[in-house]
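Chemist: The structure that follows is given in the form of structure tokens.
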Amino acid sequence: MNERQLFERITTNPKVMVGKPVIKGTRLTVEYILNLMVQGGTIEEILDEYEGLTEEDVRACLLFATKSLEETAIMPMSIGSI
């Protein structure tokens, strides 16, 4: 699956989750999926938890986050400010 096809799996709509990017056809935000992974959830565990979700949906979330950060300048933060 190419990047364009993955991007098509992510959508925004002001009436769904206050316009946050979500996996198309769900109310699962990109942010939520990424947080599951940060907390140690594997793709397999996420797929087991959410029926109908695919590996490509999770990969689309990762791609969306990656592309969103490409043009962003990151300023170092201390751990105390997180």
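Chemist: If you compute Cα extents along the principal axes in Å for the structure shown, which of [x] 71, 28, 16; [y] 58, 22, 17; [z] 39, 28, 25 do you land on?
Modeler: Checked against the structure: label [z].
Chemist: Within a 10 angstrom radius of the beta carbon, how do ARG4, ARG9 rank from fewest other beta carbons to most?
Modeler: ARG4, ARG9
Chemist: Can you give the calculated 222 nm mean residue ellipticity of the chain, where each DSSP H run of n ≥ 4 adds -39,500 (n - 2.57) and the sum is split over every residue, rounded to the nearest 500 deg cm²/dmol?
Modeler: Helix-only estimate at 222 nm: -12500 deg cm²/dmol.
Chemist: Placing +1 on the Cβ of each Lys and Arg and -1 on the Cβ of each Asp and Glu in the chain, which of GLY40, THR12, MET77 has its Cα farthest towards the positive end of the resulting dipole?
Modeler: Of the listed residues, the answer is THR12.
Chemist: Rounded to the nearest 20 debye, what is the charge dipole size of region 3-69 about its Cα centre when +1 sits on each Lys and Arg Cβ and -1 on each Asp and Glu Cβ?
Modeler: 520
Chemist: Extending each Cα 7 Å along its Cβ direction at TYR50 and ASN2, get the distance between those two points in nm, one decimal.
Modeler: It is 2.6 nm.
Chemist: Calculate one ³J(HN,Hα) per residue across region 25-41 by plugging θ = phi - 60° into the Karplus curve 6.51 cos²θ - 1.76 cosθ + 1.60, and present them in order as whole Hz with x for glycine and proline.
Modeler: My calculation for region 25-41 gives x, 10, 10, 8, 7, 4, 4, 5, 4, 5, 5, 4, 5, 4, 7, x, x Hz in order.
Chemist: While we're on this one: With θ taken as phi - 60° and the coefficients 6.51, -1.76 and 1.60, list the Karplus ³J(HN,Hα) couplings across region 54-64 in order, rounded to whole Hz; mark glycine and proline as x.
Modeler: My calculation for region 54-64 gives 10, 4, 5, 4, 5, 4, 4, 4, 5, 5, 4 Hz in order.
Chemist: Let me check against my output: what whole-number percent is the relative contact order of region 3-69, with C-alpha pairs under 8 Å and at least 6 apart?
Modeler: 34
Just so you know, all these numbers are worked out from the coordinates, no wet-lab data involved. No experiment lies behind these values; they were computed from the predicted model shown. Using ideal geometry, Cβ is built from the backbone for each residue, glycine included, and neighbour counts are taken over all protein chains shown.
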